[in-house]
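One structure is given here, and the rest of the page talks about it.
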Amino acid sequence: MLLGPSGCGKTTTMRCVVGLERADTGRITVAGRVLFDAAQLIDVPPNKRDMGMVFQSYALWPHKDVFGNVAFPLQMKRRPRAEIRERVHETLGLVGLDGFAKRNVTTLSGGQMQRVALARSLVMDPTILLLDEPLSNLDAKLRVHLRHELKEIQQRVGVTTIYVTHDQDEALGLADRIVVMRHGVVAQDDTPPRLYRAPATPFVADFLGMGNQFAAVIEGDGGDGGDEGFVRVRLEGTDIRLLASDPSGLGGGPGVVCLRPDAAVVRPGHHRSAPAEDNELAARVLSRQYQGRRLRYHVRLEEGLDLFGEAEAGLIELDPGAACTLSLPAAQLLVLPPDDHVADPEGRPR
């Protein structure tokens, strides 16, 4: 899975893999076969790379019916008609389009067109399947439904799949491994659980939902008990001192404190007893947003910093201006190196 914001190089990387773009340097190999090598002037044409690609726009032929669209790759390879017919109907069944062979693609819904595009890529048994934000044109409910179907189809077929998205939920739900990209370089390459629990940089943390971020200074270890893996931090420009987890082993110096909104627990009233001892901060509500079982609050600390916290809907409903207390669990309050302290392999700041 290639994950990152618009313009970070996800689709360009995918197009280089499939052969629709030519990289300036480097090498691309699949199962030991060299598809591209700038130094040796090797550049295998896209039609000889044995890959299937589903474009964001689906790229279906409007003058062909479903059968004609799906059969096209096999027809280009001059497969026997009987084989084409068998493979097309088999693949349409795999993607849930039994009985759609004679339908014109212009009469299909967005979800059905996406399935046709997927079937066209699968019908030729590719060594690699590439999906360029295939669900981005669909409504939210259908997107979630097809996300599950895509995962199940991929598992049944067993084809290696490269999937491009900027949606963190899609990435976490579908991927076995996620490559987070920024400015054309890899910010982090890891499994979904590791990325979610242990982002390497503030950029990765923010992209995976840790929207509460503050510059900080690490002032010492976890305290008298020597809490291993924890440090005392002071938020820059304030006297706020907190206990935070130090997964990067910084130990001292500048850092960025990161916390997910759902980890910042909002309670009514001011209950702070000892700053920096219990990670509780006094604040006032700026606004709230209903999110089903949870309410998300935008609050402002007494020291002037804004952040987001949550509470269970129905138990606590605070109006704008109401006093509240935020509890920040030290285990989920991560201190990471600033992004400009992390360089890519060529030494440029990320």
Residue count, region 89-116 (criterion: of a type outside the set (S, T, N, Q) and in a loop (DSSP other than H, G, I, E, B)):
10
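Yes or no: residue 36 within 19 Å of residue 162 (Cα to Cα) and of a type in the set (Phe, Trp, Tyr)?
It is true that residue 36 is within 19 Å of residue 162 (Cα to Cα) and of a type in the set (Phe, Trp, Tyr).
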Give region 1-29 a look and list any residue that's under 25 Å from residue 192 (Cα atoms), without any contact (Cβ under 8 Å) to a residue 24 or more places away in the chain and outside any helix (DSSP H, G or I), or say none.
7, 28, 29
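Could you tell me how many of the residues in region 149-173 are farther than 30 Å from residue 25 by Cα and in contact (Cβ under 8 Å) with a residue 24 or more places away in the chain?
Total satisfying the criteria: 9.
Considering only region 183-214, state which residues are farther than 15 Å from residue 263 by Cα and either of a type in the set (Val, Ile, Thr) or more than 14 Å from the chain's Cα centre (by Cα) (or both).
Residues of region 183-214 farther than 15 Å from residue 263 by Cα: 183-195, 199-204, 207, 214.
Those that are farther than 15 Å from residue 263 by Cα and either of a type in the set (Val, Ile, Thr) or more than 14 Å from the chain's Cα centre (by Cα) (or both): 183, 184, 185, 186, 191, 200, 201, 202, 204, 214.
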Cβ-Cβ distance below 8 Å, separation of 6 or more or different chains: which pairs start in region 78-99 with a residue that is more than 13 Å from residue 112 (Cα to Cα) and end on one that is open to solvent by less than 50 Å² (accessible area, probe 1.4 Å) and charged (D, E, K, R)?
79/87
Just to be sure before I move on: is residue 154 crowded, with 17+ Cβ neighbours inside 10 Å and over 24 Å from residue 332 (Cβ atoms) in the structure I sent?
yes
Please verify whether residue 203 is modelled with pLDDT of 90 or more, surrounded by 15 or more Cβ atoms within 10 Å (Cβ to Cβ) and not in a strand (DSSP E or B), treating the condition exactly as stated.
yes
Which count do you get for residues in region 176-200 that are out of contact with any strand residue (DSSP E or B) (no Cβ under 7 Å at 6 or more places or on another chain), over 15 Å from residue 333 (Cα atoms) and open to solvent by less than 40 Å² (accessible area, probe 1.4 Å)?
1
Here the residues within region 157-175 that are charged (D, E, K, R) and either over 10 Å from the mean Cα position of the chain (by Cα) or surrounded by 21 or more Cβ atoms within 10 Å (Cβ to Cβ) (or both) are 170
Kindly evaluate residue 135 against the criterion of being under 26 Å from residue 186 (Cβ atoms) and either modelled with pLDDT under 90 or assigned to a loop (DSSP other than H, G, I, E, B) (or both).
yes
Consider region 90-102. How many of its residues are in contact with a Phe, Trp or Tyr (Cβ under 9 Å, 6 or more places away or on another chain) and either small (Gly, Ala, Ser) or surrounded by 16 or more Cβ atoms within 10 Å (Cβ to Cβ) (or both)?
3
Only one residue in 93, 99, 110 is out of contact with any Ser or Thr (no Cβ under 7 Å at 6 or more places or on another chain) and closer than 16 Å to residue 55 by Cα, so which one is that?
110
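Considering region 35-74 alone, what residues qualify as being assigned to a strand (DSSP E or B) and surrounded by 19 or more Cβ atoms within 10 Å (Cβ to Cβ)?
Result: 35, 36, 51, 52, 53, 54.
Quick grid of which residues meet (1) at pLDDT 95 or above; (2) of a type in the set (Phe, Trp, Tyr); (3) touching a helix residue (DSSP H, G or I) at 6+ places or on another chain (Cβ under 8 Å):
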position: 278; (1), (2), (3): no, no, no
position: 285; (1), (2), (3): yes, no, no
position: 290; (1), (2), (3): no, yes, no
position: 299; (1), (2), (3): yes, no, no
position: 308; (1), (2), (3): yes, yes, yes
position: 311; (1), (2), (3): no, no, no
position: 330; (1), (2), (3): no, no, no
Every residue from region 24-52 that is over 23 Å from residue 158 (Cβ atoms) and in contact with an Asp or Glu (Cβ under 9 Å, 6 or more places away or on another chain):
26, 27, 36, 37, 38, 43
Answer residue from region 98-126, given it is touching a helix residue (DSSP H, G or I) at 6+ places or on another chain (Cβ under 6 Å) and basic (Lys, Arg) and is nearest to residue 158 (Cα to Cα) among those
120
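The values are calculated or read from the model by the stated rules, or taken from the named source; none is laboratory data. Computed from a predicted model, the values in this text were never measured in an experiment. Ideal geometry is used to build each Cβ from the backbone, glycine not excepted, and the neighbour counts take in all protein chains shown. Heads up: the accessible areas ignore ligands, DNA and RNA and are worked out on the full protein's heavy atoms, side chains in. Shrake-Rupley method; radii C 1.70, N 1.55, O 1.52, S 1.80 Å.
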